[in-house]
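Here the structure is laid out as structure tokens; the discussion comes afterwards.
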Amino acid sequence: ISSAIVSDLYLEDILKLIVTLTANVMKAKVCNVWLIDEKKKEFNIKATQSMHQEYLNKRTMKLNEGIVGLVAKEKKAKIIFDVLKEERYKEKKLARKEGLVSMASIPMMVKDKIIGVLNVYTNRPYKFTKAEISLLSTIANQAAVAIEKTELIVRTKIIQEELDTRKKTERAKGILMEERNINESEAFSLIRKSSMDKRISMKEIAEAIILSYGIRKIK
């Protein structure tokens, strides 16, 4: 759970910056990012600079659903002049409420892998130029690379933290086994119980045991 929270916090900051800057550059009404959840096989809306409550609520979409699903499947940008007239567009009620008209939907690619879709909406009929589509594609792909790197960094830090915790727990178990003449399972149970009783991590309990042992050795 904690690792998921850390990962989400990193991504939230990056994605918020991406949608805000993109909306400003394109003078867009709304910009949002949908990322693919590989495990659940669905899209999740992860960021938007729109303050409308319906956009702030987390929503999901099937991988083959709507414009987002089409863009992900074909790995090509989709430009829509009027979303209300587009059969595959699934959020017409929200579009009417927000006054959304034209849309550029851009795949977020890392090499040949698609990880999400960047959407840009205007509040007036608008024909996106080739230069603008090219710019949005560059932004989307750079964002995708940044997301991949961030997730890799987070995973690496989590692995390092888990290894450090395991190493210190093993050391603390050894100390308890030596001092209390108990077996490995009993030592682990003591550390875990102390962690639960004090509501702090097993790593912190292990560090306290190791520190206390070191102080006693000095004396």
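The values are calculated or read from the model by the stated rules, or taken from the named source; none is laboratory data. Given the structure is predicted, the values throughout are model-derived calculations rather than measurements. In this analysis, Cβ positions are derived from the backbone assuming ideal geometry, glycine residues included, and neighbour counts consider all displayed protein chains.
Just the residues that are among the polar types (S, T, N, Q), modelled with pLDDT of 90 or more, part of a helix (DSSP H, G or I) and farther than 18 Å from A72 by Cβ, please, taken from segment 117-157.
S134, T138
How many of the residues in segment 186-207 are exposed (fewer than 15 other Cβ atoms within 10 Å of the Cβ) and under 37 Å from the mean Cα position of the chain (by Cα)?
Just the residues of segment 186-207 that are exposed (fewer than 15 other Cβ atoms within 10 Å of the Cβ), to begin with: 186, 189, 192-193, 196-201, 204.
Subsequent filtering for residues that are under 37 Å from the mean Cα position of the chain (by Cα) retains 189, 192-193, 196-201, 204.
Residues that pass the stated criteria total 10.
Return a yes/no flag: does segment 40-62 have any residue that is part of a helix (DSSP H, G or I), modelled with pLDDT of 90 or more and touching a strand residue (DSSP E or B) at 6+ places or on another chain (Cβ under 8 Å).
So the first thing to find is which residues in segment 40-62 are part of a helix (DSSP H, G or I), and the list is 53-56.
Filter once more, keeping what is modelled with pLDDT of 90 or more: none.
Looking for residues that are part of a helix (DSSP H, G or I), modelled with pLDDT of 90 or more and touching a strand residue (DSSP E or B) at 6+ places or on another chain (Cβ under 8 Å), one finds none in segment 40-62, hence no.
Determine, yes or no, whether I133 is among the β-branched types (V, I, T) and farther than 22 Å from D13 by Cβ. Let's see the steps before the verdict.
Values: among the β-branched types (V, I, T): yes; farther than 22 Å from D13 by Cβ: yes.
Spelling it out, I133 is indeed among the β-branched types (V, I, T) and farther than 22 Å from D13 by Cβ.
Do you know which residues across segment 113-154 are farther than 19 Å from K16 by Cα and touching a residue at least 12 places away in the same chain (Cβ under 8 Å)?
I114, N123, R124, P125, Y126, K127, F128, E132, I133 - these are the residues of segment 113-154 that are farther than 19 Å from K16 by Cα and touching a residue at least 12 places away in the same chain (Cβ under 8 Å).
Within segment 165-185, take every residue that is in a helix (DSSP H, G or I) and of a type in the set (V, I, T) and give me the one that is surrounded by the most Cβ atoms within 10 Å (Cβ to Cβ). Working first, answer last.
Step one: list which residues in segment 165-185 are in a helix (DSSP H, G or I), which gives 165-180, 184-185.
Still in the running and of a type in the set (V, I, T): 165, 169, 175.
Working: T165: 16, T169: 22, I175: 17.
Restricting to residues being in a helix (DSSP H, G or I) and of a type in the set (V, I, T), the top hit is T169.
Can you tell which of M202, M196 is hydrophobic (A, V, I, L, M, F, W, C), touching a residue at least 12 places away in the same chain (Cβ under 8 Å) and farther than 19 Å from R216 by Cα? Steps first, please.
Details: M196 fails: touching a residue at least 12 places away in the same chain (Cβ under 8 Å).
Result: M202 is the single residue among M202, M196 that is hydrophobic (A, V, I, L, M, F, W, C), touching a residue at least 12 places away in the same chain (Cβ under 8 Å) and farther than 19 Å from R216 by Cα.
Restricting segment 20-39 to residues that are under 14 Å from the mean Cα position of the chain (by Cα) and outside any strand (DSSP E or B), which is surrounded by the most Cβ atoms within 10 Å (Cβ to Cβ)?
Across segment 20-39, the extreme among qualifying residues is E38.
Based on what the data block shows, is K92 exposed (fewer than 12 other Cβ atoms within 10 Å of the Cβ), in the same structural domain as D37 (by TED's automatic domain parsing) and modelled with pLDDT of 90 or more? I'd like the intermediate steps shown before the answer.
On the way: exposed (fewer than 12 other Cβ atoms within 10 Å of the Cβ): no; in the same structural domain as D37 (by TED's automatic domain parsing): yes; modelled with pLDDT of 90 or more: yes.
Against the criterion (exposed (fewer than 12 other Cβ atoms within 10 Å of the Cβ), in the same structural domain as D37 (by TED's automatic domain parsing) and modelled with pLDDT of 90 or more), K92 does not qualify.
State whether the residues of segment 52-65 include one that is crowded, with 20+ Cβ neighbours inside 10 Å and among the polar types (S, T, N, Q).
Within segment 52-65 (the criterion being crowded, with 20+ Cβ neighbours inside 10 Å and among the polar types (S, T, N, Q)), the answer is no, since none of the residues qualifies.
For segment 78-89, what are the residues that are closer than 14 Å to Y121 by Cβ and either loosely packed, with under 12 Cβ neighbours inside 10 Å or of a type outside the set (S, T, Y) (or both)?
As a first pass, look at segment 78-89 and keep what is closer than 14 Å to Y121 by Cβ: 78-84, 86, 89.
Residues satisfying the conditions are K78, I79, I80, F81, D82, V83, L84, E86.
For segment 71-113, what are the residues that are assigned to a strand (DSSP E or B) and among the hydroxyl-bearing types (S, T, Y)?
Start the filter on segment 71-113 by keeping residues that are assigned to a strand (DSSP E or B), which leaves 78-80, 103-110, 113.
Within segment 71-113, S105 is the sole residue that qualifies.
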